[in-house]
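For reference, the structure is listed below as structure tokens.
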Amino acid sequence: MIVAPSVLSLDYKDTKSQLQQLEESKAEWMHFDVMDGHFVPNLSFGPDILKAFKSATSLFMDVHIMVDNPSEVSDYFMKAGADLITFHSETVHEIKNQKALVEKLHANGVKAGISIKPDTCVENIYPILPYVDLVLVMSVYPGFGGQSFIEASLDKIAKLRKFIDTNHLNCLIEVDGGINATTGEACASVGADVLVAGSYVFKGDIKAQVETLCFEK
């Protein structure tokens with residue numbers, strides 16, 4: 001299981017120490033949320049913050065862009081050092097446009113992901129899955145940290161696992177929202193590959209909390 005702590009919940013008064021603890025933990029990725037105040041009702045980080053993290057840690061930079069204009073915004077974060085950029089299917093509706101954005105990311109050496117909000121049917125993204133490296137299931141409504149896990153997300157993960165395996169696709173399943181040891185284990189049991197956790201990791205002993213999410217695959 002890949003663990004991707006979300007720095008939306010990092011204690012910025014203690015950034016250096018917390019990054020060091022992440023480096024010493026079993027976390028492999030850093031999850032970086034980008035919000036524009038339009039697609040979701042909140043604002044978060046810009047590309048300069050990602051660039052600073054990129055220079056401070058060797059963790060894989062997993063960037064989730066919750067924005068209305070993902071093609072434009074992705075340019076900024078590719079330049080800032082993103083290793084993977086995940087955009088929302090709700091902002092790029094047609095498969096040809098989704099493929100065009102995926103191809104642009106790949107052409108620049110960046111992995112591509114597609115995400116769905118809790119109210120979006122998982123079947124909507126089946127056509128793009130052969131082309132992406134990751135699918136992100138939002139198990140809370142995007143925009144704010146600290147929400148409770150939506151149980152219906154487990155059915156979405158299970159459907160994705162079956163579709164990906166049946167079609168022999170090389171696509172990871174990531175889950176973000178309300179993840180802790182209990183919900184993380186439930187996600188792992190139905191086929192998740194990557195767990196994003198924010199407050200659960202950063203409001204406790206970082207190394208110990210990450211360890212509780214390292215389920216065997």
- For the chain, state what percent of all Cα-Cα pairs lands in each successive 5 Å bin, counting from 0 Å until the bin that includes the largest distance. 1, 7, 17, 20, 22, 17, 11, 4, 1, 0
- Message: Accessible area per residue for the chain in Å², computed with a 1.4 Å probe and the full protein assembly in place, what is it?
- Response: 44
- Computed over the chain, the relative contact order (Cα-Cα under 8 Å, seq sep at least six) in percent reads 23
- Item | With every protein chain in place, the stretch 33-80: carbon and sulfur % of accessible area (1.4 Å) | 55
- For the stretch 14-31, in order, what is each residue's ³J(HN,Hα) by Karplus, 6.51 cos²θ - 1.76 cosθ + 1.60 with θ = phi - 60°, in whole Hz (x at glycine and Pro)? 10, 4, 4, 5, 5, 5, 4, 5, 4, 4, 7, 8, 8, 5, 9, 10, 10, 9
- What residues have an amide H closer than 5 Å to that of S115, excluding those fewer than 5 places away on the same chain, when H is modeled at 1.01 Å from N in the peptide plane? F87, H88, S89, L136
- Item | Accessible surface of the stretch 147-217 [probe 1.4 Å, protein heavy atoms]: carbon and sulfur percent | 51
- Find the Rg to Rh ratio for the stretch 139-213, where Rh is the Kirkwood radius over alpha-carbon pairs and Rg uses the same atoms. 1.00
- Query: So which GluC sites (Glu not before Pro) in the stretch 47-143 pass both tests, a DSSP loop state and at most 15 other Cβ atoms within 10 Å of the Cβ?
  - Reply: E94
- Note on the structure: By the C-alpha gyration tensor axes a ≥ b ≥ c (rounded if a/c is under 1.5, else prolate when a/b exceeds b/c, else oblate), the shape of the stretch 88-133 is prolate
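The values are calculated or read from the model by the stated rules, or taken from the named source; none is laboratory data. The shown structure was predicted, so the numbers you read here are calculated from the model rather than taken from an experiment. Every residue, glycine among them, receives a Cβ derived from its backbone with ideal geometry; neighbour counts consider all protein chains shown. Heads up: the accessible areas ignore ligands, DNA and RNA and are worked out on the full protein's heavy atoms, side chains in. Shrake-Rupley method; radii C 1.70, N 1.55, O 1.52, S 1.80 Å.
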